[in-house]
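Here's the structure, in structure tokens; my notes come after.
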Amino acid sequence: MNKVLRKPVIAGNWKMNKNQAETIAFINELLPEISDLQDVKIVLCVPFTDLSAAVSAVLGTCVSIGAQNVHYSQKGAFTGEISVSMLAEIGVEYVIIGHSERRQYFGETDRTVKLRTSAALEAGLKVILCIGETLDERNGNLTDNVVNTQLAAALDGISAEAMDSVIIAYEPVWAIGTGLNATDEQAEQVCGYIRDQLALKYGSEVSDKTVIQYGGSMKSSNAAGLLAMPDIDGGLIGTASLEAKEFLAIIKSAK
Ligand code: PGA
């Protein structure tokens, strides 16, 4: 399948930003500008406390709502956690899993990424699976190795059919929140490598249709170049997704 046939997915990762009122204000600013948008999928991954309000605000539009993490158990004594069925019940469609900030600050491991991925897919959620290397790993020529290890661990036991609900987000840790994005060529090289690994595991039909995003300081000034690369089908955007006009400019570069 040609890149043209993969619908780009532009996802905002708001992290711990915006309360409900700010969420509604953002969505109200965004929606009129994208009412005729057909060739780009938009996802807003908002804090847990904003999810219900966001789901109601985007009802019947081309925008979907995602969470930024989820627990892998169905229920039980896990103080502070949220289950997949809790997200599904309120109309959340996507969940980010394995973000480097969760790996770095909250003890996320390849094992827990795998457990979360399986649980989310079983509950009918779509997964934005984050993988990526640190600067030390890149400098040590370990990028392919790290990315492949993270990918293989997360997708262990995931069927080809379930891959319809998986987006891979390649997010080099050194590019996240630093203002220093990977170059078009650096990002393409790893996204192409990820697609090759998917082909080895699942065959070319699956690898050709899987959406692979780039994330890490993507903004309106660099989005067009990154999104034009053959294996980059969208973006996972942090800082630049917090302001509607800036986010809209990125969406327009994906068209
Ligand atoms: P950034 O964050 O766009 O601010 O670099 C991206 C992310 O963490 O997903």
### Task
Please specify each residue of region 62-100 satisfying the condition of being part of a helix (DSSP H, G or I) and crowded, with 20+ Cβ neighbours inside 10 Å.
Val84, Leu87, Ser100
### Message
Consider region 42-60. How many of its residues are at pLDDT 95 or above and either buried (at least 21 other Cβ atoms within 10 Å of the Cβ) or not in a helix (DSSP H, G or I) (or both)?
### Response
11
### Message
Every residue in region 175-185 that is at pLDDT 95 or above, of a type outside the set (Gly, Ala, Ser) and crowded, with 20+ Cβ neighbours inside 10 Å, please.
### Response
Ile176
### Task
Could you figure out which of (1) over 15 Å from the mean Cα position of the chain (by Cα); (2) under 19 Å from Met229 (Cβ atoms) isn't true of Ala152?
(2)
### Query
Here are Glu243, Glu188, Glu171: which of them is surrounded by fewer than 23 Cβ atoms within 10 Å (Cβ to Cβ) and either over 18 Å from the mean Cα position of the chain (by Cα) or more than 21 Å from Leu5 (Cβ to Cβ) (or both)?
Glu243
### Query
Restricting the search to region 201-251, which residues are of a type in the set (S, T, N, Q), within 14 Å of the ligand (Cβ to nearest atom) and assigned to a helix (DSSP H, G or I)?
Ser220, Ser221, Asn222, Thr239, Ser241
### Message
Just to be sure I understand, how many residues within region 27-41 are out of contact with any helix residue (DSSP H, G or I) (no Cβ under 6 Å at 6 or more places or on another chain), more than 17 Å from Leu125 (Cβ to Cβ) and either aliphatic (A, V, I, L, M) or surrounded by 14 or more Cβ atoms within 10 Å (Cβ to Cβ) (or both)?
### Response
3
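The values are calculated or read from the model by the stated rules, or taken from the named source; none is laboratory data. These numbers were taken from a predicted model, which means no experiment stands behind them. Glycine gets a Cβ as well: all are built from the backbone with ideal geometry, and neighbour counts include every protein chain shown.
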